[in-house]
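The values are calculated or read from the model by the stated rules, or taken from the named source; none is laboratory data. Computed from a predicted model, the values in this text were never measured in an experiment. Using ideal geometry, Cβ is built from the backbone for each residue, glycine included, and neighbour counts are taken over all protein chains shown.
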Amino acid sequence: MTMHKGSNLERVGRYNLNVVLDLIRRSVEGLSRVQLVESTGLSTQTVSNIVRRLLEEGLIAETGKVAGRMGKPRTLLRIEALSRYAVGVHLDPSIITCTLLDLSGAVVGRSHIPLRAVADPDQTVRVIAEALESLVAEHGVDRAKVLGVGVAAPGPMDPSRGVVIGPPLLTGWERVDLCEGLSEATRLPVFLDKDSSAAAQGEVWIGDDATPHDFAFVYIGTGLGSGLVINSEVVRGTSNNVGEIGHFSAGIDGPVCSCGRPGCVGLTTMPSYLVNCAVEAGVLDPASGEPDLQVTMERFRALASKARQGNDAAVGILRESATRLARAVEDIANLLDLDRIVFGGPSWPPVSSLYLPVMREALANRMAVGAIHPLDLVDSALAEDVAAVGAGCLVLNRFLSPRTDGLLLAP
């Protein structure tokens, strides 16, 4: 029988500190020391010691007073948002997005770097490192206040080792140690996550209340993925690859996927597939030259624009795609008994106004859990940069949120 040692005082102390910091961060008006004692169950002395340390480190500030139920007014404590920063990077097959976040998760700055060739991982690492330095310098941020770098990339991957393992559209990335290379280039801690899981982390971090949330994040970029949040924690699975929903069946009448089966939802939501459908239907002219992801994304946005303007053929193409996506959403919601599905990613904003009504209509009377509670289908609050913002939130979560997995020592 394996025996585990108890938690040591240093780790418990750090956990308690992060509990207090997280409560202050999530409060809108700020919290007093008395409120922190009531909320955490910690002793008055422990809270006082934690608050003093947070003030010394500049992570929080005293700001204003509020009348107490009795006695003298209480001093409110609020997060010092500009005391620390995180960088979030989204490595997409067609573009690199970098975001600079403050401690609250607000975006201080962002940059987009078109990347037509990603076959050379070393070159890509150099581009990311240069973009990071430019972003930090442009906004006058003290480099010492940058906590680390989060990277969101397409799966599959091994985040525990920081390795990207052959994403379908990243040629030359069969097994790339992205974290080690980028950490050497930036001299910062680097954390890796799937783009869909990072997006889900971003949605959790920016939530403005402490109520636990359960939801799935459906991520639509150059491909399709999903992130899962249970009790406000991102679920990552045995190999950190939860959310590979691309091969969910969306009907046996669909096109044949590369896996050999017809109707995989990932194929029927890919911008490249939808653009090809539009060309076959005469909605878009055939492209000249070799296929290029950036050109494909531009043509995808043109297809969505034609649909919004009322082009019947364009509407039909996107409506069929949305109907197929609704089948996968139904399976996710029924399996996990969810009441909310969030949609986002680089390819989502152009089609959101078309897809959501179709999916809501398709699911209105079909879901098993629908008889018990409604299912909300909503846009992400983080728009198309959701993966990059979520990657930055991954860093903030690592350093600042309470983590019970760090309490127990190894056996």
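With respect to the conditions (1) under 29 Å from the mean Cα position of the chain (by Cα); (2) more than 20 Å from MET359 (Cβ to Cβ), ILE317 lacks only one, and its number is (2). On the stretch given as the stretch 278-326, residues that are farther than 27 Å from LEU170 by Cβ and exposed (fewer than 14 other Cβ atoms within 10 Å of the Cβ) total 7. For beta carbons closer than 8 Å, sequence separation of 6+ or different chains, a first residue in the stretch 326-344 that is within 22 Å of GLU384 (Cα to Cα) and in the same structural domain as ASP376 (by TED's automatic domain parsing) and a second that is assigned to a loop (DSSP other than H, G, I, E, B) and among the hydroxyl-bearing types (Ser, Thr, Tyr), the qualifying pairs are VAL342/SER380; PHE343/SER380; GLY344/SER380.
Condition check ((1) part of a helix (DSSP H, G or I); (2) buried (at least 23 other Cβ atoms within 10 Å of the Cβ); (3) out of contact with any strand residue (DSSP E or B) (no Cβ under 7 Å at 6 or more places or on another chain)) across all residues:
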{"position": "ALA200", "(1), (2), (3)": "yes, yes, no"}
{"position": "VAL204", "(1), (2), (3)": "yes, no, no"}
{"position": "VAL218", "(1), (2), (3)": "no, yes, no"}
{"position": "THR222", "(1), (2), (3)": "no, yes, yes"}
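Between ASP120, ASP177, ASP158, the distinction of being assigned by TED's automatic domain parsing to the domain that holds CYS98, among the charged types (D, E, K, R) and within 19 Å of the chain's Cα centre (by Cα) belongs to ASP158 only.
Does GLU133 count as among the charged types (D, E, K, R), outside any strand (DSSP E or B) and more than 18 Å from LEU169 (Cα to Cα)? Yes; evaluated as a whole, the condition is true for this residue. When each of GLY227, GLY263, GLY223 is tested for being more than 22 Å from the chain's Cα centre (by Cα) and in contact (Cβ under 8 Å) with a residue 24 or more places away in the chain, the lone residue that passes is GLY263. Of everything in the stretch 172-193 that's modelled with pLDDT under 90 and outside any helix (DSSP H, G or I), which residue is nearest to LEU23 (Cα to Cα)? In this case the residue turns out to be ASP177. Among the numbered criteria (1) closer than 19 Å to GLY266 by Cβ; (2) touching an Asp or Glu at 6+ places or on another chain (Cβ under 6 Å), which single criterion is violated by VAL163? Exception for VAL163: condition (1). Can we say SER48 is over 23 Å from ASP142 (Cα atoms), out of contact with any helix residue (DSSP H, G or I) (no Cβ under 9 Å at 6 or more places or on another chain) and at pLDDT 90 or above? Spelling it out, it is not the case that SER48 is over 23 Å from ASP142 (Cα atoms), out of contact with any helix residue (DSSP H, G or I) (no Cβ under 9 Å at 6 or more places or on another chain) and at pLDDT 90 or above. In the stretch 303-317, the residues that are β-branched (Val, Ile, Thr) form Cβ pairs under 8 Å with partners that are part of a helix (DSSP H, G or I), at six or more places apart or across chains, as follows: VAL315/ALA307; VAL315/LEU354; ILE317/LEU274; ILE317/CYS277; ILE317/ALA278; ILE317/LEU303; ILE317/ALA307.
Is at least one residue of the stretch 305-319 basic (Lys, Arg), under 19 Å from THR222 (Cβ atoms) and in the same structural domain as SER347 (by TED's automatic domain parsing)?
Restricting attention to the stretch 305-319, the residues satisfying the condition of being basic (Lys, Arg) are 306, 308, 319.
The next check asks that each one be under 19 Å from THR222 (Cβ atoms); those that pass are none.
Looking through the stretch 305-319, none of the residues is basic (Lys, Arg), under 19 Å from THR222 (Cβ atoms) and in the same structural domain as SER347 (by TED's automatic domain parsing).
Residue check: ALA144 meets all listed conditions (1) touching a residue at least 24 places away in the same chain (Cβ under 8 Å); (2) on the phi < 0 side of the Ramachandran plot but one, namely (1). Checking PRO374, PRO350 one by one, the residue that is modelled with pLDDT of 90 or more, farther than 27 Å from ILE252 by Cα and assigned to a loop (DSSP other than H, G, I, E, B) is PRO350 and no other. Considered as a group, the residues in the stretch 265-298 that are at pLDDT 85 or above and in a loop (DSSP other than H, G, I, E, B) include one that is nearest to GLY221 (Cα to Cα), and that residue is MET270. Residues of the stretch 233-264 that are outside any loop (DSSP other than H, G, I, E, B) and among the polar types (S, T, N, Q): SER249 alone. Summed over the stretch 97-143, the residues that are modelled with pLDDT under 95, crowded, with 19+ Cβ neighbours inside 10 Å, in contact with a helix residue (DSSP H, G or I) (Cβ under 6 Å, 6 or more places away or on another chain) and among the hydroxyl-bearing types (Ser, Thr, Tyr) give a count of 1. Kindly indicate the residue of the stretch 348-389 that is crowded, with 23+ Cβ neighbours inside 10 Å and of a type in the set (Ser, Thr, Tyr) and also nearest to THR97 (Cα to Cα) among those meeting that condition. Per the stated criteria, the residue is SER380.
The set of residues from the stretch 236-256 being among the hydrophobic types (A, V, I, L, M, F, W, C), buried (at least 17 other Cβ atoms within 10 Å of the Cβ) and without any contact (Cβ under 8 Å) to a residue 60 or more places away in the chain comprises just one member, VAL242.
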